[in-house]
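What follows is calculated from the coordinates using simple rules that are stated; it is not laboratory data. Small disclaimer: the values here were computed from a predicted structure and weren't measured. Because the Cβ atoms are built from the backbone with ideal geometry, glycine has one as well, and the counts that use them run over all protein chains shown.
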Amino acid sequence: QVQLVESGGGLVQAGGSLRLSCAASGRTFSHYAMGWFRQAPGKEREFVAGISYNGGDTYYADSVKGRFTISRDNAKNTVILQMNSLKPEDTAVYYCTAAATLIATMSSSIDYWGQGTQVTVSS
């Protein structure tokens, strides 16, 4: 099994940046595709970014493409979401995810979820 713990959320002004970190524990971390989802109040949980188990491929929602960057360090068992040029509509709880597959961009493919970290972007 995999345990996921997010950190780095907070309050930032529009146009600013935040860096979210996800620390994973458990064996064979390098076998899991990792990613980030987010959910705003009253809205569906949505895919944000994903990275393949070996880090060779990344995928982004159209709404964040060009602004967010996902990366992973298998030696440190961590996955990072660098968020730049933040907008108020980015405000949400962000969840780190793990999936025992090559890549995962749908909730149904996710095996493990972190507890979430709040990101609030003010105008």
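Give me the Debye-computed log₁₀ of I(q)/I(0) at q = 0.16, 0.18, 0.19 Å⁻¹ for the chain, equal point scatterers on Cα only, no solvent, two decimals. Here the Debye-derived log intensity ratios amount to -0.67, -0.85, -0.95.
With contacts defined as alpha carbon pairs under 8 Å and 6 or more residues apart, what's the relative contact order of the chain in percent?
36
Full extension of the chain between Ser21 and Ser108 yields a length gain of 29.0 nm, computed as 0.36 nm times the residue separation minus the alpha carbon distance. Straight Cα distances below 17 angstrom link Lys76 to the aspartates and glutamates Glu6, with same-chain residues fewer than 8 positions distant left out. Here the simple spin-label model places points 7 Å from the Cα toward Cβ, and for His31 and Asn77 these points are separated by 1.5 nm. Residues in segment 82-89 carry Karplus couplings, in order, of 8, 10, 10, 6, 5, 10, x, 5 Hz; the curve used is 6.51 cos²θ - 1.76 cosθ + 1.60 with θ = phi - 60°, and Gly or Pro positions show x.
With N residues in segment 25-75, what two-decimal value do you get for its Cα radius of gyration over 2.2 N^0.38 Å? Write down the numbers at each step before the final one.
Working: Rg = 12.5 Å, N = 51, 2.2 N^0.38 = 9.8 Å.
With N residues counted in segment 25-75, Rg over 2.2 N^0.38 Å equals 1.27.
Could you calculate the contour length gain from Thr69 to Ser123, that is, 0.36 nm times the residue separation minus the distance between their Cα atoms, to one decimal place in nm?
Working: separation 54, 0.36 × 54 = 19.44 nm, distance 2.23 nm.
Length gained between Thr69 and Ser123: 17.2 nm.
Net length available on complete extension from Lys87 to Ala14 is 25.8 nm, with 0.36 nm assigned per residue and the Cα-Cα distance removed.
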